[in-house]
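Just so it is clear, none of the values below were taken in a lab; they were calculated from the coordinates. In this text, all values refer to a predicted model and were calculated from it rather than measured experimentally. Positions of Cβ are generated from backbone atoms using ideal geometry, with glycine treated the same way; all protein chains shown enter the neighbour counts.
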């Protein structure tokens, strides 16, 4: 089962595809690890963004999407475009979509520390949060 970890930053999603089989984690290469929702006031652009991600999930046989949840208020609160992105992803009916908050992520990492340092994964530095949330989801489900 391939899980897609997602971090939403502003008007952009950052992806990391990860699976776990027989206790081993496998990072799947992805044709595009960043997607931007431009002009989110135009519903056609939101539809295109939704379709693009749905197609990517189908192409890579993603079964579960895990989004790193952003606070709704306070210093690190997510913006309106980010919440539109989150909704567009949640409306993809071909995958299970879950939100993981920081507390849950820290708790799972405490019980299931990463077996290797992030730098050893070969992923880009900006993918670390997307990788972490995918790792946590797979560790938690023991899948």
| task | Report, to the nearest 10°, how far helix 128-141 tilts away from the longest principal axis of the Cα atoms in the chain, using its own Cα long axis and a range of 0 to 90°. | result | 60 degrees
| remark: Zone reached by a paramagnetic label modelled 7 Å from residue 83 Cα along Cα→Cβ, restricted to the stretch 34-72 with backbone N below 14 Å, covers 70-72
| task | Specify the angular offset, from 0 to 90 degrees and rounded to the nearest 10, of the alpha carbon long axis of helix 43-59 from the longest principal axis of the alpha carbons in the chain. | result | 30 degrees
| task | Please sort 33-43, 69-79, 12-22, 129-139 by packing, taking for each peptide the average over its residues of neighbouring beta carbons within 10 angstrom, highest first. | result | 129-139, 12-22, 33-43, 69-79
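Can you give the direction-averaged projected area of the convex hull of the alpha-carbon atoms in the stretch 2-141, in nm²?
Directional mean of the projected Cα hull area for the stretch 2-141 stands at 8.4 nm².
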| query | How large is the helix-only mean residue ellipticity at 222 nm for the chain, computed as the sum of -39500 (n - 2.57) over DSSP H runs with n ≥ 4, divided by its residue count, in deg cm²/dmol to the nearest 500? | reply | -11500 deg cm²/dmol
| request: Working from Cα positions, state the angle (0 to 90°, nearest 10) between the long axis of helix 102-111 and the longest principal axis of the chain. | output: 10 degrees
